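Everything on this sheet refers to the single structure shown next.
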């Protein structure tokens, strides 16, 4: 009998497991940035920014002792950039890179800066603006096909609705048909396109009163 999936708010102790899920779910992104395996604490340090920016918006799905998935659904996406700058995260990331602890060269730094600026620009653009986001959601391949993604979306959207969010925005790769279909089931519809160094993203928006 399969163990039950538990959904709860994330803590700092969950960050290594969340980092593991990200690397397992998005190997093409890791390959794009660095081209080789990297220490998991790189992504744990990045997700620490999410936790500090809006701790109530980061959730995990666990099965037994393992992290099966996560979702970061911030009500205030722009707070993420202020937190990274003013709470010392960018300095710690820089030191992790400069000291060699991350084992990264210049290429991932250049790509990350370009994509960060692109996300910030999109976040502030008046068209299709929504500070409430499904910013990142992933399920470990070992637990896909068990409804974990849908469960995480329910938890994330319930949080945003409780905070008074009206429209909710997310971005998804056009070729990720399974994810696009799931988002459509939850009331999201495609409203535009954006892009980063890795390629195109669909912009999907969920309006007030959408069912899912």
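We did not get these values from a lab; they are worked out from the coordinates using the rules stated. Model, not experiment: these values are computed from the prediction. All Cβ positions, even for glycine, are placed from backbone atoms using ideal geometry, and neighbour counts span all protein chains on display.
A Förster radius of 35 Å, combined with the Cβ-Cβ distance separating residue 4 from residue 177, puts the computed FRET efficiency at roughly 0.80.
Extension gain, residue 65 to residue 99: 0.36 nm times the residue separation minus the Cα-Cα distance gives 9.0 nm. A simple packing score, the average count of other Cβ atoms within 10 Å per residue, orders the peptides 43-49, 17-23, 82-88 as 17-23, 43-49, 82-88, with the highest score first. Model label points for residue 92 and residue 185, set 7 angstrom from Cα along the Cα-to-Cβ axis, are 3.6 nm apart. Residue ranges 138-150, 90-102 sort as 138-150, 90-102 when ordered by packing (mean number of other C-beta atoms within 10 Å per residue, highest first).
Residues of the stretch 38-58 falling in the label zone of residue 12, defined by backbone nitrogen less than 19 Å from a point 7 Å along Cα to beta-carbon, are 40-58.
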